[in-house]
1. When only C-alpha pairs under 8 Å and at least 6 residues apart count, what is the relative contact order of the chain, in percent?
2. With the dipole of region 5-92 worked out from charges on the C-beta (+1 for Lys and Arg, -1 for Asp and Glu) around the Cα centre, which of Thr12, Gln71, Gly47 lies farthest toward the positive end?
3. Number of Lys pairs in the chain with C-alpha atoms less than 18 angstrom apart, excluding same-chain neighbours closer than eight positions?
4. What Kirkwood hydrodynamic radius, in Å, does region 5-92 give when the mean of 1/r is taken over all pairs of distinct Cα atoms and then inverted?
5. Measure nothing but the geometry: give the 0 to 90° angle between the long axis through the Cα atoms of 5-44 and the longest principal axis through the Cα atoms of the chain, rounded to 10°.
6. Counting only other residues whose beta carbon sits under 12 Å from that of Lys46, what net charge do I get with K and R as +1, D and E as -1?
7. If R₀ is 30 angstrom, what is the calculated FRET efficiency for the pair Leu4 and Asp74, using the beta carbon separation as r and rounding to 0.05?
8. Apply the Karplus parameterisation 6.51 cos²θ - 1.76 cosθ + 1.60, with θ equal to phi minus 60°, to every residue of region 81-86 and state each ³J(HN,Hα) to the nearest whole Hz, in sequence, with x for glycine and proline.
Amino acid sequence: MDKLKPVINAETALTRLNASIRESKEAEKSTSADEARDRENLTALKGNDAGKRFVDELNHAEDALQDARKQSADLEQQKNVAIDKLNQLIAALSFDWDVSPEK
């Protein structure tokens, strides 16, 4: 069982990374929707003083979207490293099997 512990730990880490990737993608979708809404509001209020507020919100949304995309890319890279590590651990496993018949 001790031989399987690193494989189990690597699989657990990969599962956590997949969950983080899903959360990051959801945040990216949400931020993108917010940005689109801010763009619509800015267009509707063109030339209006209230439009300045939406320019600020749009700038903030764009920054947040870039951060979310970078985080997703970083997590995908971490996932690829974790998959490679898991595959190496699995490939390195060896078990001693006693296949001789019992007496």
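No lab work stands behind these numbers, since they all come straight from the coordinates. If you're wondering where the values come from, they're calculated on a predicted model, not measured in any experiment. As a convention, Cβ positions derive from the backbone with ideal geometry for all residues, glycine included, and neighbour counts pool all protein chains shown.
1. 43 percent
2. Thr12
3. 6
4. For region 5-92, inverting the mean 1/r across all distinct Cα pairs yields 15.1 Å.
5. Approximately 10 degrees, to the nearest ten.
6. For residues surrounding Lys46, the net value is 0.
7. 0.55
8. My calculation for region 81-86 gives 5, 5, 5, 4, 4, 4 Hz in order.
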